[in-house]
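The values are calculated or read from the model by the stated rules, or taken from the named source; none is laboratory data. All values reported here derive from a predicted model rather than from experimental measurement. We place every Cβ from the backbone using ideal geometry, glycine too, and count neighbours over all the protein chains shown. The protein model used for the area step is the full one, side chains on, heavy atoms only, and it has no ligands, DNA or RNA in it. Shrake-Rupley method; radii C 1.70, N 1.55, O 1.52, S 1.80 Å.
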Amino acid sequence: MDLLLGADCGATHLRVGLVSQEGKLLAAKKVASPLRTNSDQFGQILFELAEQLWQQQKKKSAKLLGVGIGVPGPLDPQKGLILPASNLHNQQPLQLLMQLRSLTTSLINAETPILFDRDTNIALLGEIWQGAARGNQNVVMLTVGTGVGGAMQINGQLFRGQHYRAGEIGHMIISSFSKVKCGLGHQGCLEGLVQQAADEEELSLWLGLGVTNIVQIFDPQMIIFGGGQAAYKRFLPQVIKVARSHCPESLLNKIRICYAEQGELSGVYGAAKLVLENLQ
Ligand SMILES: [Zn+2]
C-alpha cells in the first residue's frame, strides 16, 4: 500500500501525517512551527517527523507517492515559495521547495512530487475529501486561529484566483472607521477585529458580519469553521444569530453552518489529497 504525506504548517504548529490513498490517516505528529523562527530548519524537521511516522508503519514494501504541504500565503506554489507580506512577517521569500530538494531522506527521490498550497485551501480540501463537506459543490471555509483564513470551492473546484490570492476572507474590510489593524496593516479588516475583540459578544459580531458577507457573495451550500483555536467554538450559535439579523432568513436557512469534522487535522488530509489529485 503506497502512501501520501500530508503536512500542514501554520505560524504556530506543524502537523504531519501519513494518509492512505483511500483517505485513512495512519499516523500523525504535531510540533511547534519552525516557519517564524527557524524557517531554514523546516525541511529537516518535516523529514524527521515523516521518517518517524514511516518507521511506525512496518510496511517495508510501500513507497511514498508524494508530499503535500500547506503553508500561510501569499505563496508561489510552483516554486514552493512563501512570499513576503504573510502572517509570518518574513521580509524575504522563504524558499521551502529548494530547501526540501537539497536534503537527503530515504523517503523521497528527485522525482517524488512535492506540492504546495495555501493552508486554508488544504483545510477545505481535507473537509471536502474526508470531512463535513463530502458531496458538496459550493463550500466556503473560515479558519480562526493565529489569523482568520478563508477558502472556497465553487461548482466542485477549489477557487484559487487569477493570481493565487483568492480566499483572503480574513482581510475583507468590515469597518474602515475602526482604528484596529491586522498584522498586515489593514484598517478594520475581519482578522484584525477578531484578533482584538474585547469579549465573546464582540467576536461573535465580527464573525457574524463575515458570515453575512460570505452568504451574500457566494450563496454556498455550507460554511465550515475550522482552525487551531478551539475556544471560539462555543459561540457559533451567537455568530449565526448575528448573521440572521443581517441576511435574508430564507437564504440563510438553506445554508449549513458547521465545524470542521476533522478539526485540526483537516489540513493534513487536504495536503495528502493535493498529492493524490496531482497523480490522477
Ligand atoms: Zn487584514
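Once the Cα atoms of helix 42-57 and of the chain are each reduced to a long axis, what angle between those two axes, in degrees from 0 to 90 to the nearest 10, is obtained?
The answer is roughly 70 degrees.
Can you work out the accessible area per residue across the chain, with the rest of the protein chains kept in place, probe 1.4 Å, in square angstrom?
Numbers: 12710 Å² over 280 residues.
For the chain, the per-residue accessible area is 45 Å².
When the accessible area of segment 1-109 is computed with all protein chains present and a 1.4 Å probe, what percentage of it is carbon and sulfur?
On the way: 2450 of 5100 Å².
The value for segment 1-109 is 48 percent carbon and sulfur by accessible area.
State the percent of C-alpha pairs, over all pairs in the chain, separated by a distance greater than 36 angstrom. Display every interim value, and only then the final one.
On the way: 5502 of 39060 pairs.
When all Cα pairs of the chain are counted, 14 percent exceed 36 Å.
Which of the peptides 264-272, 183-191, 87-95 is most tightly packed, and how do the rest follow, judged by the mean count of other Cβ atoms within 10 Å per residue?
Details: 264-272: 29.9, 183-191: 19.2, 87-95: 15.8.
Per-residue Cβ counts within 10 Å, averaged per peptide and sorted highest first, yield 264-272, 183-191, 87-95.
Distance cut-off 29 Å, Cα to Cα: go down the list K24/K254; K29/K179; K30/K273; K30/K63; K29/K254 and report the pairs above it. Don't skip to the end; give the middle numbers.
Working: K24/K254 31 Å; K29/K179 40 Å; K30/K273 19 Å; K30/K63 22 Å; K29/K254 37 Å.
Over 29 Å apart, Cα to Cα: K24/K254; K29/K179; K29/K254.
I need the phi-derived Karplus couplings for segment 119-132: 6.51 cos²θ - 1.76 cosθ + 1.60, θ = phi - 60°, integer Hz, Gly and Pro marked x.
So the J values, rounded to whole Hz, are 4, 6, 4, 6, 4, 5, 4, x, 6, 6, 6, 9, x, 5.
Mind checking the dipole of segment 146-201: about its Cα centre, +1 per Lys or Arg Cβ, -1 per Asp or Glu Cβ, Debye to the nearest 20? Please report the intermediate quantities before stating the final value.
Values: 4 positive and 5 negative charges, 72 e Å.
Here segment 146-201 has a charge dipole of around 340 debye.
Straight distance only, please: which aspartates and glutamates reach the Cα of K79 with their own Cα at less than 13 Å, same-chain residues fewer than 8 apart left out?
Once the sequence-local aspartates and glutamates are set aside, what remains near K79 is D117.
Can you give the extra length, in nm with one decimal, that the chain gains between Q78 and T104 once fully stretched, where that is 0.36 nm per residue apart less the Cα-Cα distance? If you can, show how the numbers build up before the last one.
Details: separation 26, 0.36 × 26 = 9.36 nm, distance 2.10 nm.
Additional length available on full extension: 7.3 nm.
Using only Cα atoms, find the angle between the long axis of helix 266-279 and the longest principal axis of the chain, and express it within 0 to 90 degrees, rounded to the nearest 10.
60
Of I154, I122, I114, which is the most mobile in a GNM of the chain whose springs link Cα atoms less than 10 angstrom apart?
Its mean-square fluctuation being the largest, the pick is I154.
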